[in-house]
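Everything on this sheet refers to the single structure shown next.
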């Protein structure tokens, strides 16, 4: 069976969803900033976090950038793909996804840390994260990637994979 990743990449790019490799880089940056254990514990769990967002966006036309960012963060927090720093990586991935659409998360650092710890411990889905993000967003067009950058990325990544 042949599966073309072009459509998925278009969805990833449209919503600015980082791929697994980019999430590993984000994880390494978070480790450098604040310490912790390095290492990807289970690559499939990281791919699953990204894949769940793409699947949800494919079947739910009402899903927006905030929902995509929240679902990605939830997937990383619940799957625990890294040896450490999963919550910080989840937050950074959500922020990156939102910045691509021209949004910035604005919250007191202590409130933000408390919210992320609470979501990791208690959230049963991405919806509470999405609600919290919506209440703490400011539009910042300076961050927006724009259509031309999206088209270039899609064109460069349209590779076929065989399963």
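The values are calculated or read from the model by the stated rules, or taken from the named source; none is laboratory data. In this text, all values refer to a predicted model and were calculated from it rather than measured experimentally. Here Cβ is always computed from backbone atoms with ideal geometry, including for glycine, and neighbour counts include all displayed protein chains.
Observations on the model:
- Top-ranked residue in the range 93-109 [being modelled with pLDDT under 95 and farther than 12 Å from residue 138 by Cα; ranked as surrounded by the fewest Cβ atoms within 10 Å (Cβ to Cβ)]: 109
- Test: residue in the range 44-51 that is at pLDDT 95 or above, more than 15 Å from the chain's Cα centre (by Cα), in a helix (DSSP H, G or I) and farther than 21 Å from residue 109 by Cβ: yes
- Per the listing 112, 152, the residue uniquely over 19 Å from the mean Cα position of the chain (by Cα), part of a helix (DSSP H, G or I), at pLDDT below 95 and surrounded by 10 or more Cβ atoms within 10 Å (Cβ to Cβ) is 152.
- Some residue of the range 123-132 being modelled with pLDDT under 95 and assigned to a helix (DSSP H, G or I): no
- Filter result for residue 68 (part of a helix (DSSP H, G or I) and over 25 Å from residue 114 (Cβ atoms)): no
- Filtering 71, 87 for residues that are at pLDDT 95 or above, over 14 Å from residue 133 (Cβ atoms) and touching a helix residue (DSSP H, G or I) at 6+ places or on another chain (Cβ under 8 Å) leaves a single hit, 87.
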